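To start, the structure under review is shown below, and the notes come after it.
Every number here is computed from the coordinates shown, using simple stated rules; none is lab data. This one's a predicted model, so the numbers in the text were calculated from it and none came from an experiment. A quick note on method: Cβ atoms are made from the backbone with ideal geometry, for glycine too, and the neighbour counts reach across all protein chains shown.
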Amino acid sequence: MPIELNFWVVPPFVSFLTLFALAGLALVKGKGRKVNLLFAGICLLGGLLSLEKAFASIVTDPDLALRSSRIDHMFVVFFIPVYLHFTHTFLGIARRKWLIGLAYAFSGCLSLLSQGDYYLEGVKQYFFGYYAKGGPLIYVFGAASTTNTLYCLYLLFHSLRQEKDPDLKNKTKYIMSGLGGAALMAHFNFLPLVGIGFYPLGNLAFIPLLLLGFAILKHDLLDIGFVVQKGLIYSMLTGMLTGFYALMIILFNRVFKGMGQTGSIFFSIFFFVVIVFVFDPLKKRVQFVIDRILFKGKYDYQKTLAALSDAMASMLNLEEIMDKTLWTLTEAMHLDWGYVMLMGKGGEQFQVHRQKGALLDAKGLSISKSSLLIQEMSRRKREVTLYNLEEWSESHDDPSLLKEDFGKLGGTVVIPMVFKGEINGLLVLGNKKSGDLFTSEDQELLHTLANQCAISIENAKAYQLIENLNRNLENMVEERTQELKRALEEKEKTQDLLVRSESMAAVGALVAGVAHELNNPIASVYSLVQSAVETMEEMPPDQVVGSEGDAEETEELIDDLKFSLKELNRTKDIVSSLLGISRQTDEYSEPVAVNDVCKDALKVLHNQYKRTGIEIIEACEDGLPEIRGNFANLGQVCLNIISNAIHAVDSGQGKIVLKTRYDEHRAMVIFECEDNGPGISEEVMKDIFKPFFTTKDVGKGTGLGLYISYEIVRRHNGNIFAQNNPQGGATFRVELPVTG
């Protein structure tokens, strides 16, 4: 039999399984990307080399070992151009394409020469099995391979120092450690080729490849997704356990061979028991331990995000939802920063609503609803990252617009918040502090969370809308209540004014009747007293009294009678005024300019106030419409009001402001007289327009001025009011309607 199992077959066989697992994943799940295809090519070439070394460890026929080595090296020589091509593609080096072409041409020539003695001239047996012995060309291949490996490592190291993006730095670091380490270890395979009996360390390439597998697992190095990553680690685990299982077979085979029991049924039963009770449970236990070690962080923040999703379902405050979401994400996933964008009031721009972390000037960021990035996310209903942006860009004529929109947001991943098929917000996240990449599982969790967040946002908006409606309803009820209160107050004032008006009308009618009745006796008494005075003045003093000593008394008697005539004249004037006010006439038909009435009243009163030092300010509005009424009677109203104001203010410090204006809404011409006097007390205010009511000293006022003014204004269908000013003093306002 040309094959004999031994211990030395295990390391290259494990490396073969590991490399072929990586190559298969890169081909199947690498999405056809050039860099992944080249990575698969490197793994396939390395796997062929490891398979050939495993075969060389167990083969017992030297000719068979030589043929397998020559077949293997016909392909292995292409490791130089494929590794160079991968490095240039991974780093995005577009120049020096000629170097790649030259490498492929060089390897093609070596491939053709690899079947002759100038490349491999024979085989040599070592303690680890048969190994090919190199010819002169093997030194050429070794030198070219070493130069190429050092050149590629230099490019990767230089890029690592220059790169600012933590994701690309991580990728470069693991590519250097994994593939670079495996390539350097493979160089020790040249020692047996040149006759040195040193164990080929390239058989242990699975050790740096485990680091590369960890990078693919932890950092999604090939963008092949979390589920595939788990498959990868389990495949590598299976390969290692298979090697361990093969090692056990070899050891026990030698033990049983020494006992002469190799072909017995006992040997088969024993290994069946080992597989059932040891190998499979051991595999499951190791998988569990790996899950706990490598995926512990992911499981932890899965639970955290699940708890956040439950918490958001009960939140009704928009700011609280945003703060809770950002805090949980940045803490659980260890992010540098994150922010949430919501639709602005105009409904056309997404604007930053809340932010967390070290991002600066995020509040000024915005993106249009009509932007290409938003449209693409609306169509796909998926998140966009730095890694699928290229894929999205391929479907557009101008991919730079999509990249420009994404770059404007400054994030590593942008997750749309979709509610009822529409995007109502964006969740923008920065890099992880650890430098880890966002895996596909991360994106699935964030996608679910974003949808939950969108629902919570809509719930919060609806709750706020209801709250605002309730608040507005309360305000409307309060405003309507205040309006009703004001209406009731106005009603009470109107009723009071109506009662006062009716009362004053009744009093006026009574006064008019009394005045009419008094008119005749006053005239009779006045006539008799006047006749007596004239008679006494014409008669000699001695005919009036009995002696000359009474002449002084006669003069006093005549003076008393004259005073009586004066008072009778005053009484007659009062009665005449009362009769004039109470008499209904049709003389209110002439056009009257209120500004002219005011100016004429000031002219009449000029002598009364000119030496008092009282300041009179006229603030009459120009262009007032004329009213229909009696000019003389309205002049009497102005005279009475201004005269009262002059008597109310102090000389030297008094100030009176006369205003006229037009209230277009009510079609009223308004005259106001404002003074800085002592004001009007509440007791006086309620009786101020009643007849014969006066606050002046006895003999100085009749109490008819404001009453007559009230009646004149009422006959003009107007209103007259008196009120105290907040700053002191009183204001009388007369409102007269403008009729067409």
Pairwise centroid distance, computed over Cα atoms, of segment 614-629 with segment 367-398, Å = 72 Å
Fewest first, what order do ARG661, ARG96 take by the number of other Cβ atoms within 10 Å?
-> ARG96, ARG661
Ascending count of other beta-carbon atoms within 10 Å, so fewest first, for SER400, SER15, SER111, SER68 | SER400, SER111, SER68, SER15
Once you've got the Cα coordinates, tell me which of LYS572/LYS603; LYS356/LYS408; LYS345/LYS403; LYS432/LYS461; LYS173/LYS432; LYS381/LYS408 are over 24 Å apart.
-> LYS572/LYS603; LYS345/LYS403; LYS432/LYS461
Under the rule rounded for a/c under 1.5, else prolate if a/b exceeds b/c, else oblate, using alpha carbon gyration tensor axes a ≥ b ≥ c, segment 81-185 is classed as oblate
Which semi-axis lengths, in whole Å and largest first, follow from the square roots of five times the eigenvalues of the Cα gyration tensor of segment 7-224?
-> 30, 19, 14
Project the alpha carbons of segment 328-434 onto their principal axes and report the range along each, largest first, in whole Å.
-> 38, 33, 26
Relative contact order %, segment 330-430, counting alpha carbon pairs below 8 Å whose residues are six or more apart | 29 percent
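Just want the ordering: MET341, MET176, MET685, MET476, from fewest to most Cβ atoms lying within 10 Å of their own Cβ.
MET476, MET685, MET176, MET341
Take the Cα radius of gyration of segment 590-737 and divide it by 2.2 N^0.38 Å, with N its residue count; two decimals is plenty.
1.00
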Going by average Cβ neighbours within 10 Å, how do the peptides 669-677, 605-613 rank, with the highest at the top?
-> 669-677, 605-613
